[in-house]
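Data first, discussion second: the structure below is written as structure tokens.
The values are calculated or read from the model by the stated rules, or taken from the named source; none is laboratory data. All values reported here derive from a predicted model rather than from experimental measurement. Using ideal geometry, Cβ is built from the backbone for each residue, glycine included, and neighbour counts are taken over all protein chains shown. For the accessible areas, the whole protein counts, side chains as well, though only heavy atoms, and no ligand, DNA or RNA atoms are used. Shrake-Rupley method; radii C 1.70, N 1.55, O 1.52, S 1.80 Å.
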Amino acid sequence: MSGESQLRADIVEIGRRMYARGYTASNDGNISVRLGSDRLVMTPKSVCKGFMTPDMMCVTDLDGRKLQGDRDPSSEMLMHLEVYRQRPDVQAVVHAHPPIATGFAVAGIPLDRAVLAEVLTTLGSVPIAEYATPSTRELPEAVRKYIKAHDGMLLANHGALTVGGDLYAAYYKMETIEHFAKISLVARLLGRENLIAREEVDRLQGLRGTYGIKAPAPICADPSEVLSVLDSSDPAMCQVVQAPAGGGQRLVPNIHGHAGDGASKPPAESEEIRLTYRELSALIEDAIRNLR
Ligand SMILES: [Zn+2]
């Protein structure tokens with residue numbers, strides 16, 4: 001099989017897997033891969049990714065001009081082109097709407113807490129690109145802010161985007177994001193989420209070289225850098241990962257809260273704390289037991 005035939009077959013296979021796993025419904029999602037230095041093979045507009053055939057694919061140049069194919073290229077082609085422009089190292093781009101990760105994107109909750117070693121070594125954090133109307137020029141603009149420093153991101157009220165050194169690498173990152181979202185959701189439903197301490201995160205990311213994982217960017221070093229990344233419209237050059245100092249512990253228990261709220265420090269004496277009725281009852285019961 002020639003290089004191009006293999007890439008077309010790989011896109012068909014990945015589309016089938018995405019559809020089978022429920023990452024796309026109907027005609028959602030799109031996939032592209034570099035073909036040599038100046039062309040792309042891309043899924044066409046308006047087809048279900050679960051039922052594609054190799055002959056359906058479009059070949060375009062890096063400006064999106066169609067060179068080959070009976071159908072028009074994906075409606076999200078502009079987003080794909082922007083990724084290839086910003087990331088010469090990226091060989092493939094995958095976009096889908098996996099439901100749990102997209103739920104986080106709808107809730108406006110980034111997947112940026114240090115909770116899974118596997119995610120910290122591969123993706124680091126998964127931010128949310130600002131809402132943009134699908135298929136318009138707004139979407140590549142929103143993606144541009146994060147793509148230099150991240151291999152995966154959520155798209156607000158839309159879906160997720162992953163990139164990689166080959167098609168399967170980009171696709172596996174989509175699987176990792178959805179799996180990460182599922183586990184995060186369960187932990188939050190269970191009411192506690194222990195975080196991996198910053199020192200352990202550094203150790204895990206230090207192992208990337210050993211596994212041959214190329215990380216796009218380091219973790220932002222200080223809090224002011226984190227805030228400037230979140231607030232400015234400049235592209236992020238580092239990653240925001242919520243990993244509190246462990247003080248010798250590798251896991252930091254029961255952290256609640258969001259970026260920048262100092263979740264790892266205990267509340268000051270004058271600060272309000274909130275308890276559920278059950279927690280309050282347990283405290284009272286405990287106090288009574290101690291009185292006896
Ligand atoms: Zn989409």
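Can you tell me, using C-alpha contacts under 8 Å and at least 6 residues apart, the relative contact order of the chain as a whole percent?
Details: 528 pairs, mean separation 44.9, N = 292.
Here the relative contact order equals 15 percent.
Considering Cα pairs under 8 angstrom that are at least six residues apart, work out the relative contact order of segment 108-169 and quote it in whole percent.
Numbers: 75 pairs, mean separation 17.8, N = 62.
Normalised by residue count, the contact order of segment 108-169 is 29 percent.
Report the gain in length on full extension from GLU130 to SER233: 0.36 nm times residue separation, minus Cα-Cα distance, nm rounded to one decimal.
On the way: separation 103, 0.36 × 103 = 37.08 nm, distance 1.05 nm.
Going from the current span to full extension adds 36.0 nm.
Would you mind getting me the FRET efficiency between LEU207 and ARG87? Use the beta-carbon distance for r and R0 = 30 Å, nearest 0.05.
On the way: r = 23 Å, r/R0 = 0.77.
Here the calculated transfer efficiency is 0.85.
So, for segment 38-172, what is the accessible surface per residue at a probe of 1.4 Å, expressed in square angstrom? Write down the numbers at each step before the final one.
Numbers: 4960 Å² over 135 residues.
I get 37 Å² per residue for this part.
Sequence gap at least 6, Cα distance under 8 Å: using those rules, report the relative contact order of segment 53-198 to the nearest whole percent.
Values: 251 pairs, mean separation 39.1, N = 146.
So the answer I get is 27 percent.
With θ taken as phi - 60° and the coefficients 6.51, -1.76 and 1.60, list the Karplus ³J(HN,Hα) couplings across segment 96-108 in order, rounded to whole Hz; mark glycine and proline as x.
Per residue, the Karplus-derived 3J(HN,Hα) values read 8, 10, x, x, 6, 4, 5, x, 4, 5, 6, 6, x Hz.
Where the accessible area of the chain is counted over protein heavy atoms with a 1.4 Å probe, how much of it, in %, is carbon and sulfur? Walk me through the numbers on the way to the answer.
Values: 8110 of 15080 Å².
Looking at the chain in its full context, I get 54 percent from C and S.
Given springs between every Cα pair under 10 Å in a Gaussian network model of the chain, which of GLY69, GLY247, GLY152 has the largest fluctuation?
Residue with maximal mean-square fluctuation among GLY69, GLY247, GLY152: GLY247.
Which are the unpartnered cysteines of the chain, meaning those with no other cysteine Cβ under 4.7 Å from their Cβ?
CYS48, CYS58
Stokes-Einstein D for segment 1-108 at 37 °C, 0.692 mPa s, Kirkwood Rh over Cα pairs, in µm²/s?
Numbers: Rh = 14.0 Å.
It comes out at roughly 234 µm²/s.
Among VAL163, VAL93, VAL106, which one moves the most in a GNM of the chain with springs linking Cα atoms closer than 10 Å?
VAL106
Tell me, what ³J(HN,Hα) does each residue in segment 206-211 have, in order and in whole Hz, if you take phi through Karplus 6.51 cos²θ - 1.76 cosθ + 1.60 with θ = phi - 60° and put x for Gly and Pro?
3J(HN,Hα) across segment 206-211, in whole Hz: x, 7, 3, x, 4, 8.
Choose one answer from LYS182, LYS173, LYS214: the residue with the largest mean-square fluctuation in a GNM of the chain with alpha-carbon springs under 10 Å.
Result for the chain, Cα springs under 10 Å: LYS214 fluctuates most.
Any idea how many Lys pairs in the chain come in under 19 angstrom at the alpha carbon, given 8 or more places apart or on separate chains? Before the final figure, lay out the partial values.
Details: LYS45/LYS66; LYS49/LYS173; LYS148/LYS173; LYS148/LYS214; LYS173/LYS182; LYS173/LYS214.
Going through the chain pair by pair, I get 6.
Placing one identical point scatterer on every Cα of the chain and ignoring solvent, what is log10 I(q)/I(0) from the Debye formula at q = 0.11 Å⁻¹?
-0.68
Which value, in Å² rounded to 10, gives the accessible area of PHE104 with a 1.4 Å probe and all protein chains present?
20 Å²
Per 0.36 nm of contour for each residue apart, how much would the distance between LEU67 and GLU279 grow if the chain were fully extended, relative to their Cα-Cα spacing?
Details: separation 212, 0.36 × 212 = 76.32 nm, distance 6.43 nm.
The LEU67-GLU279 span can extend by a further 69.9 nm.
Per the helix-only calculation at 222 nm, which mean residue ellipticity applies to the chain, given -39500 (n - 2.57) for every DSSP H run of n ≥ 4 and division by its residues, nearest 500 deg cm²/dmol? Don't skip to the end; give the middle numbers.
On the way: 10 runs with 114 residues, N = 292.
Here the helix-only value at 222 nm equals -12000 deg cm²/dmol.
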